[in-house]
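Chemist: Quick one: the structure is below, and I'll ask about it shortly.
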Amino acid sequence: MSAKTFVLLMYATEGDWDAADEATKAEYYRQHGDYDDQAADFGVTFLASEALQSVTTAVTLRRSGDDAEITEGPFAETVEQLGGFYLVTAPDRDAVLRHAMLLPEYTIEVREIAQM
C-alpha cells in the first residue's frame, strides 16, 4: 500500500494564544512535541508544518476573469481562524486521525491531497 498525502488544517479562536498563560503554552508545546515524536508509530511522515501569523495580517484576493478585488483581512468572518497546518504522508486517513489526537484541542480539518 502506498502512502497518501494529507493536510491537517488547525483552527482555533483568534486571540486565545495571546491570552494563554505560560503553563498553557508549555502544555501546547508538549503536545506538539508528542505529535512530532510519535509520528513513526502511526506511519506518518512530515513533509511541512507551519504556524500562521494572526488573521489580521491576511489579504484576500477574489478574481473574476481579468478583474481582481483585494481586501485586507480574512475571507470568512468566523470565531475560529486557521492558525497552522501539517502536511504529512500516511498509509490512510484513519492513521492521520489517530495521530492527530495527540495535538492540542484544536478544530482540525483533514483533507487528502488530490492527485492531479
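Chemist: Answer with one residue from 53, 11, 87: the one whose Cα lies farthest towards the positive end of the charge dipole of the chain, charges on Cβ with Lys, Arg +1 and Asp, Glu -1.
Modeler: 87
Chemist: Just how far, in whole angstrom, is the range 1-33 from the range 66-116 if you go by their alpha carbon centroids?
Modeler: 12
Chemist: Moving to a separate point now. If each residue's Cβ is checked for other Cβ atoms within 10 Å, how do 44, 59 rank with the fewest at the top?
Modeler: Ascending Cβ contact count within 10 Å gives the list 59, 44.
Chemist: Still on this structure: Which residue, 79, 55, 88, tops the fluctuation ranking in a GNM of the chain built on C-alpha contacts under 10 Å?
Modeler: Result for the chain, Cα springs under 10 Å: 79 fluctuates most.
Chemist: Moving to a separate point now. For the range 4-112, give the magnitude of the charge dipole about the Cα centre (Cβ charges: +1 Lys/Arg, -1 Asp/Glu; no others), in debye to the nearest 20.
Modeler: 400
Chemist: Show me, for the range 101-111, the HN-Hα J-couplings you get by feeding each phi into the Karplus relation (A = 6.51, B = -1.76, C = 1.60, θ = phi - 60°), rounded to Hz, glycine and proline as x.
Modeler: Here the 3J(HN,Hα) series is 5, 7, 6, x, 6, 8, 8, 10, 9, 10, 9 Hz.
Chemist: Given the options 65, 15, 43, which has the most mean-square fluctuation in a GNM of the chain, springs set between C-alpha atoms less than 10 angstrom apart?
Modeler: 65
Chemist: Output the relative contact order of the range 4-112, whole-number percent, from Cα pairs under 8 angstrom with separation of 6+ residues.
Modeler: Taking the mean separation of contacting Cα pairs over the length of the range 4-112, I get 51 percent.
Chemist: Here's another thing I want to ask about it. Who wins for biggest fluctuation among 102, 47, 87 in a Gaussian network model of the chain, springs between alpha carbons below 10 Å?
Modeler: Maximum fluctuation in the GNM of the chain, among the listed residues, is at 47.
Chemist: Filter the GluC sites (Glu not before Pro) in the range 1-108 to those in DSSP coil with at most 11 other Cβ atoms within 10 Å of their Cβ, and list the result.
Modeler: Hits after loop and neighbour filter: 77, 105.
Chemist: Something else now. Check residue 84: other-chain or 5+ apart residues with amide H under 5 Å from its amide H, H built from backbone geometry?
Modeler: 10, 52
Chemist: So how many Å³ per residue does the convex hull of the Cα atoms of the range 19-76 work out to?
Modeler: 145
Chemist: So, one more: Based on the Kirkwood radius over alpha-carbon pairs, what value in µm²/s does the Stokes-Einstein equation return for the translational diffusion coefficient of the chain at 20 °C and 1.002 mPa s?
Modeler: The calculation lands on 135 µm²/s.
Chemist: Once Rh is set to the Kirkwood radius over Cα pairs, what Stokes-Einstein translational diffusion coefficient, in µm²/s, holds for the range 70-116 at a temperature of 10 °C and a viscosity of 1.306 mPa s?
Modeler: 120
Chemist: Calculate the spin-label point distance for residue 101 paired with residue 13, positioning each point 7 Å from the Cα along the beta-carbon direction, and give it in nanometres.
Modeler: Computed distance between label sites residue 13 and residue 101 equals 2.6 nm.
Chemist: Based solely on its DSSP helices, what 222 nm [θ] is calculated for the chain when runs of n ≥ 4 H residues each add -39,500 (n - 2.57) and the sum is averaged over all residues, nearest 500 deg cm²/dmol?
Modeler: Value at 222 nm, helices only, nearest 500: -7000 deg cm²/dmol.
Each value in this text was obtained by applying a stated rule to the coordinates, not by laboratory testing. Please read these numbers as outputs of a predicted model, since none were measured by experiment. Ideal geometry is used to build each Cβ from the backbone, glycine not excepted, and the neighbour counts take in all protein chains shown.
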